Amino acid sequence: MHLIDFIIFLVFTLGVVIFGCSFFKKGSSAEEFTSAGHSIPGWVVGMSIFATYVSSISYIGYPGKAFASNWNAFVFSLSIPIASYFAAKYFVPFYRHSGSVSAYTFLEEKFGAWARIYASACYLLTQIARMGSILYLLAVPMYILMGWNLHVVIICTSIGIIIYSMMGGLKAVIWADAIQGIILIGGALLCLVILMFSMPEGPMQTFDMAINAPKGNKFSLGAFSSDLTTSTFWVCLIYGIFINLQNYGIDQNYVQRYHAAKTDKDAKFSALFGGYLFIPVSALFFLIGSALYSYYEAGVAPLPDEIAAKPDYVFPYFIVNGLPVGLRGILIASIFAAGMSTVSTSVTSAATIFLTDYWRPFFSGMRRVKDQLVHHGAVEHHSKHQRLELAVVRISSVVVGMLGALVAIAMLSVESIIDAWWTLSSIFSGGMLGLFLLGCIPQKINRMAAAAGCLCGIIVIGWISLADMWNLPGVHLHPYLAIVLGTCVIFLVGFCFTFLVRGKK
């Protein structure tokens, strides 16, 4: 790695940490830490939502997927407009007027404390798995560039992210996300231009070679068959609809941003802007993957077999060997921008959930005492309680960040990070969307019926996820469908069981 590239990368990384820490304010409260004081402009919140979508999983995993196979995973992006519309129309107004920064308070009001604990636990597991996937992909470029130990890179990157997330809170995370989002788009565009104009016969050769690839069209969106055991177009689309509805409807990352926006109008705009911007940018990443295939297939540069065998390594390898000095540092910085923005978001939101869904419920007596003290003018006691909650959320940030680093180290042997993340996401999501939909329908759902639905949903998710691994009997389905069927089973069982109980009464 040239000294200039290293300086660019180092200045950017340290700059983000220092910028995030600049939002530290003495005497801040847990409420301000978790909701940014409801003071962020809509376009900034939208860029933050977009940057949360475009993690290192997108920046490295999408090109790797397109290089090795085709654009089948892009179908996931095509489902986002549906979720964005529902978010702006229903989810944003609902959460903005709910009175709680937690996405899961609603479930407790509908079905009891168990529903809130179940959903928040599923969320925490999902975020820790996501952080692990992204931290791993942040370490890969530095391993290829500098030969640095992957474990060391993961740990050092985690420490930097934890520091500015812990000190600056949600306001620091959102503003840093907005800046990082602009940098990562610019870096990806520069890379695509260099790839296409490096082709011997010009940019159009990129498309010709990718379309006529021996193993099939690199721009294919997948088979349109009804096969549910492979990643067809329909499997990816249905998976995307359910995951994105869950993201916008019950994911704390998004709900917290709805609260951070200045007004309801800003919050609605941010939901639409962040989602729609992801579609062309994700297409850009897949196009980079197809261009990488044509670039190496045309013999512009050699590609070692050990790199070709690990698709997630191909894009970082090109950055190291195919880009001029200076641009290399910008691309590495943009990859870090993508990863740091998403990990910092997960750290802050997971810490918020620990505070609102675990700490406060178990210390409700303390909260009542606080209210009485405030009522009698005991401001000093109130401020001590505020400092305690702020300490809790900051310590939680550190613990969650460390767990994410451990998962990243455990993922070092994974072949395709996209497949690993999507599978883990489908499992850990636990059909939360089904429980949320049960709570949204006009009819009052029996609490025991909702619990029975969740139990059945978990069984279905476990069966689909482990069927191939353990050779379980029955029809084997693609793991992406775990969340789809789990959600449907939770909803249908809860709904039908409610009316069965009513009929008996």
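The values are calculated or read from the model by the stated rules, or taken from the named source; none is laboratory data. Remember, it's a predicted structure, so these values are computed and weren't measured experimentally. We place every Cβ from the backbone using ideal geometry, glycine too, and count neighbours over all the protein chains shown. Ligands, DNA and RNA are stripped out before the accessible areas are found, and what is left, the full protein with its side chains, is counted by its heavy atoms. Shrake-Rupley method; radii C 1.70, N 1.55, O 1.52, S 1.80 Å.
The table that follows gives values for the structure above.
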{"item": "Selection from the stretch 362-410 of residues that are among the small types (Gly, Ala, Ser), modelled with pLDDT under 80 and either surrounded by fewer than 14 Cβ atoms within 10 Å (Cβ to Cβ) or under 28 Å from MET340 (Cβ atoms) (or both)", "result": "SER364, GLY365, GLY377, SER383"}
{"item": "Search result, residues across the stretch 157-170 that are open to solvent by 50 Å² or more (accessible area, probe 1.4 Å) and modelled with pLDDT of 85 or more", "result": "ILE159, ILE163"}
{"item": "Test: residue in the stretch 122-138 that is free of Cβ contacts under 8 Å to residues at least 24 places away in the same chain, open to solvent by 10 Å² or more (accessible area, probe 1.4 Å) and of a type in the set (A, V, I, L, M)", "result": "no"}
{"item": "Among residues of the stretch 236-265, those that are in a helix (DSSP H, G or I) and under 29 Å from LEU287 (Cβ atoms), counted", "result": "16"}
{"item": "Near pairs, Cβ below 6 angstrom, 6+ apart or cross-chain, from the stretch 1-25 (under 14 Å from LYS171 (Cα atoms)) to any residue that is of a type in the set (Lys, Arg)", "result": "PHE23/LYS171"}
{"item": "Boolean, SER35 is open to solvent by less than 10 Å² (accessible area, probe 1.4 Å) and within 20 Å of ILE144 (Cα to Cα)", "result": "no"}
{"item": "Tally of residues being under 17 Å from ALA113 (Cα atoms) and in a helix (DSSP H, G or I) across the stretch 441-468", "result": "9"}
{"item": "Count of the stretch 430-444 residues which are modelled with pLDDT of 80 or more and either of a type in the set (A, V, I, L, M, F, W, C) or more than 23 Å from ILE461 (Cα to Cα) (or both)", "result": "9"}
{"item": "Members of the stretch 211-235 that are surrounded by fewer than 24 Cβ atoms within 10 Å (Cβ to Cβ), in contact with a Leu (Cβ under 8 Å, 6 or more places away or on another chain) and assigned to a helix (DSSP H, G or I)", "result": "PHE233"}
{"item": "Top-ranked residue of the stretch 187-197 - restricted to ones that are open to solvent by 50 Å² or more (accessible area, probe 1.4 Å) and touching a residue at least 24 places away in the same chain (Cβ under 8 Å), ranked as nearest to ALA51 (Cα to Cα)", "result": "LEU189"}
{"item": "Output for the stretch 78-104, where each listed residue is surrounded by fewer than 22 Cβ atoms within 10 Å (Cβ to Cβ) and touching an Asp or Glu at 6+ places or on another chain (Cβ under 8 Å)", "result": "PRO93, ARG96"}
{"item": "Check on ASP251, touching a Lys or Arg at 6+ places or on another chain (Cβ under 8 Å), open to solvent by 10 Å² or more (accessible area, probe 1.4 Å) and under 30 Å from THR345 (Cα atoms)", "result": "no"}
{"item": "Criterion: part of a helix (DSSP H, G or I) and buried (at least 17 other Cβ atoms within 10 Å of the Cβ) - qualifying residue of ALA283, ALA271", "result": "ALA271"}
{"item": "Within the stretch 286-307, considering residues that are under 20 Å from GLN205 (Cβ atoms) and part of a loop (DSSP other than H, G, I, E, B), the one most open to solvent (accessible area, probe 1.4 Å)", "result": "PRO302"}
{"item": "Subset of the stretch 24-79 [in a loop (DSSP other than H, G, I, E, B), more than 22 Å from SER220 (Cα to Cα), modelled with pLDDT of 80 or more and polar (S, T, N, Q)]", "result": "SER39"}
{"item": "ILE144 being assigned to a helix (DSSP H, G or I) and either open to solvent by 10 Å² or more (accessible area, probe 1.4 Å) or within 24 Å of PHE286 (Cβ to Cβ) (or both)", "result": "yes"}
{"item": "Filtered residue count, the stretch 93-107, keeping only those that are farther than 14 Å from CYS440 by Cα and in a helix (DSSP H, G or I)", "result": "1"}
{"item": "Test result for ASP264, in contact (Cβ under 8 Å) with a residue 40 or more places away in the chain, among the charged types (D, E, K, R) and surrounded by fewer than 24 Cβ atoms within 10 Å (Cβ to Cβ)", "result": "yes"}
{"item": "Filter pass, VAL343 being of a type outside the set (Ser, Thr, Tyr) and within 21 Å of the chain's Cα centre (by Cα)", "result": "yes"}
{"item": "Flag for LYS262 being more than 16 Å from the chain's Cα centre (by Cα) and under 25 Å from MET142 (Cα atoms)", "result": "no"}
